[in-house]
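One structure below.
The values are calculated or read from the model by the stated rules, or taken from the named source; none is laboratory data. Just so you know, these numbers come straight off a predicted model, no measurement behind them. Because the Cβ atoms are built from the backbone with ideal geometry, glycine has one as well, and the counts that use them run over all protein chains shown. Keep in mind that these areas ignore ligands, DNA and RNA; they rest on the heavy atoms of the full protein, side chains included. Shrake-Rupley method; radii C 1.70, N 1.55, O 1.52, S 1.80 Å.
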Amino acid sequence: MPNTGRFNRREAIMVAAGGLAATSLGLGPAAAQDSAAGTARSETSMTSEDTHPLAPGWHRFTLGDARVTVILDGVRPGEGPHPTFGENQSAETVGDLMAANRLPRDRFVNFFNVVIVETGGKTVLVDTGFGEGGRANGMGLLRQRMQAAGFQPGNIDVVALTHLHGDHIGGLTEGDAPAFPNASIVVGRQEMEFWTSDEAKNGPRAENAKAVETKLGPFKDKTRLVEDGGEIVPGMVARAAFGHTPGMLCFEVGSGDKTVVLTADTFSQFVVSFQKPDWHVRFDQDKEAAAETRRRWAAKLAESGTPLIGYHLPFPGIGYVQAEGDAFRFVPETYQTLVSN
C-alpha cells in the first residue's frame, strides 16, 4: 500500500527515539541526509552520545517552502518563576498561578531554543545560544546538536540575532575564531545602537555591553543592520518587538498562511507570559513596553492562528496562542505541522 501521509515503521521508530526530532512530511526521516552536503546521517540522532535532558535535542518541520529546525542549546532548572516573572507580584500570587496550572510553586526550568531556518536558498541561524561559556553548566550544546541534526558550522550563511543578551550571542565565537566562518551577521539597528552607546557602556548594563563588543566586534565588516520590516533573506522578515531590549526583533518566516513567528524573548514563560502578559519580567529593560509587546503579539497570533517559536518556552518551543477573556493561553504544538503540507 502506498504511503499517503502515514508514518512507515522506520519513520515511527525515528520519531519515538528522537522525541519528535523528525516531523516534516514529504522529507522522510528528518535526519536522513545532511541538507547541505547530502551526506547520509540516518542514525545520528539514535546513536548520539548526547545524554543531556531531552536529547537528541532537535526538532524539525516544514512550513510552506521553509524548513525549520529547533535546537535545544540547554536547560536551566532553578528557583522561580518568581521573582523573575511576576516581579511586581508577590511570591504567593505567582505560586498560586503555577499551582493552578499543575506546576511547582517555586521551581521552574528555563529552555534555550536556537532555530535554523532554510529558506530562500539560504541557511539562517537565529541566535547562537551560550557557546563555550555555558558548557560548564550543561548549556552551549548548539554546536554538538546542530551537527547531529545534519548541519556543519560552515553551512550557515547568515546569523540573525533577535537581540544581544549573552544567551543569544555567546555562541558567535569558538575559542578565538568565528564559530560560523562563512556567515554574515544581521542585527537590529536600534539594538546595536543601544549596546554600543555610552549609556550602555557606562551604566548598569556595562557588562553586557562589553560582551557585545567582544562577541560582535570581530564581525564589524560582516554585520548588516535592519529595522522593522527589513528582509533577512527571501522569505524571512524582521518585526519590531521592543521592550525586553531597546531593539529586539521577532522574525516572520514564510508567506501567506504558511508562516511561523520566531518570537525571541517576547514570551519567556509559557504560563505567565500568556496568562498574565502585564506582569513585569525582571530582565525586561522597559517593562511597560515589553508588556505592551507581549499583549500585542499575543493578540495578533491568536487572531491569525499563526504558530510561534519561543526562545525560552519548553522545547521545542512551538505552539499557538489562544485568547481567553482578557488574557491568553499557550497551546503546544502536537501534530499540526505534521499535516500542514
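Under a model in which nothing but the beta-carbon of Lys, Arg (+1) and Asp, Glu (-1) is charged, the range 129-179 shows a dipole of about 180 debye around its Cα centre. Comparing Asp167, Asp257, Asp284 in a Gaussian network model of the chain (Cα springs below 10 Å), the most mobile by mean-square fluctuation is Asp257. Simple spin-label estimate for Leu225 and Phe283 gives 2.5 nm between the two label positions (7 Å along the Cα-to-Cβ direction from each Cα).
Note on Asp106 and Arg76: their simple-model spin labels are 2.1 nm apart, each label 7 Å out from Cα toward Cβ. How much of the accessible area of the chain, probe 1.4 Å, is carbon plus sulfur, in whole percent? Of the solvent-accessible surface of the chain, carbon and sulfur hold 51 percent. Applying a DSSP loop filter and a limit of 16 other Cβ atoms within 10 Å to the GluC sites (Glu not before Pro) in the range 61-137 leaves Glu87. Using alpha-carbon positions, what is the distance between the centroids of the range 260-275 and the range 93-147, in Å? With the range 260-275 and the range 93-147 each reduced to a Cα centre, they are spaced 12 Å. Farthest towards the positive end of the charge dipole of the chain, among the residues Ala209, Val126, Val70, is the Cα of Val70, using unit charges on the Cβ of Lys, Arg, Asp and Glu. Each Lys or Arg adds one and each Asp or Glu subtracts one; over the other residues with Cβ under 13 Å from the Cβ of His82, this totals -1. Diffusion coefficient of the range 71-186 by Stokes-Einstein, Kirkwood radius over Cα pairs, 10 °C, 1.306 mPa s: 102 µm²/s. Net charge dipole, the chain: roughly 780 debye, given to the nearest 20, about the Cα centre with Cβ charges of +1 for Lys and Arg and -1 for Asp and Glu. Of all DSSP beta bridges confined to the chain, the antiparallel ones make up roughly 75%. For the range 179-270, the Kirkwood estimate of the hydrodynamic radius, built from every pair of different alpha carbons, is 14.4 Å.
Helical content of the chain, expressed as a calculated mean residue ellipticity at 222 nm, amounts to -6500 deg cm²/dmol (DSSP H runs of 4 or more residues, -39,500 (n - 2.57) each, divided by residue number, nearest 500).
At 1.4 Å probe radius, can you tell me the per residue accessible area of the chain in Å²?
Accessible area per residue: 44 Å².
Anything over 29 Å Cα to Cα? Flag those among Lys210/Lys287; Lys201/Lys287; Lys210/Lys258; Lys222/Lys287, in the order listed. The pairs that break the limit, which is 29 Å between Cα atoms, are Lys210/Lys258; Lys222/Lys287. For the range 79-198, a simple Cβ point-charge model (Lys and Arg +1, Asp and Glu -1, everything else neutral) yields a dipole of about 460 debye relative to the Cα centre.
Computed from the C-beta positions of Ala323 and Ser197, the FRET efficiency with R₀ = 41 Å rounds to 0.60.
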